[in-house]
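Each value in this text was obtained by applying a stated rule to the coordinates, not by laboratory testing. Computed from a predicted model, the values in this text were never measured in an experiment. Note that each Cβ is placed from the backbone with ideal geometry, even for glycine, and that neighbours are counted across all protein chains shown.
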Amino acid sequence: MAMSSHSVSAAIKICGLTTAETLDAALDGGADFVGAVVFPKSPRHIAPETAAALFERARGRARIVAVTVDPDDALLEEIARTLKPDLIQLHGSETPARSEDVRRLTGAGVVKALPIRWADDFAAADEWDYHADHLMFDARPPEGSHLPGGVGLSFDWTLLADRAFRHPWFLAGGLTPGNVSEALRISRAPMVDVSSGVESAPGVKDPGRIAAFIRAVRRS
């Protein structure tokens, strides 16, 4: 059997899950990471206690990620106590030094999302590479947006083509079942993250689109 040059498919994170039906679609499809967004301004927000009850079914099947934006100590402690995530995703203006507090307060690993529009935007990755378990490259949101991500925009994937990082990293931003194969081909991302690209409306995940996204990655 002929092997493709990209024989091991990328790891998949389905983010912003809020219902049992859509979480099950992600788990049944074989998603590697499932994300709960704990950020009240997001249409995908879920309270830590609610997330804890919902995501318990994912434990041992996929790595659980709590997505936060500039979380304070109290929120981190609440997330750690209730949801007990494998990873905390930092999606705000957190500093590398803050990531050490996050680890100490939660016992979880750290994913740091970095907004990308131009090649210069990768400067922050050099420092974060030593402090995060995984970097996530997401499209920089439009000016004036109150959301740091999940807005369905993508950036120029060729910006990633020749870059190397210490740990496996996520490509995010505007990925859909229709474009993820092309995104993987161009960026060579070892991991992908999708949220709005598998929704029928903002914050409303679609089980069929989740399944289609996972299939598209596995075929890539």
For the pair Y130/T158, report the inter-label distance in nm, with labels modelled 7 Å from Cα in the Cβ direction. 3.3
Cα atoms only: what Rg and Dmax, in Å, come out for segment 47-121? 13.0, 41
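Any idea what the dipole of segment 42-141 comes to, in debye rounded to 20, about its Cα centre with Lys/Arg Cβ at +1 and Asp/Glu Cβ at -1? Let's see the in-between values first.
Values: 13 positive and 18 negative charges, 119 e Å.
I would put it at about 580 debye.
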Given backbone amide H placed at 1.01 Å from N, residues whose amide H is under 5 Å from that of G16, ignoring those fewer than 5 places away on the same chain, are G35, A36, V37
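The chain: Rg/Rh from Cα coordinates, Kirkwood Rh?
Radius of gyration over Kirkwood radius for the chain works out to 0.94.
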Between K112, K84, K41, find the one with the highest GNM mean-square fluctuation for the chain; connect C-alpha pairs within less than 10 Å. K41
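Assuming a viscosity of 1.306 mPa s and a temperature of 10 °C, what translational diffusion coefficient in µm² per second does Stokes-Einstein assign to segment 162-210, Rh being the Kirkwood radius over Cα pairs?
Values: Rh = 11.7 Å.
Here the translational diffusion coefficient equals 135 µm²/s.
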Evaluate the charge dipole of the chain about its Cα centre and quote only its size in Debye, nearest 20, assuming +1 on the Cβ of each Lys and Arg and -1 on the Cβ of each Asp and Glu. 740
Amide H neighbours of R63 under 5 Å, at least 5 residues apart or on other chains, H built in the peptide plane: list them. F33, V34
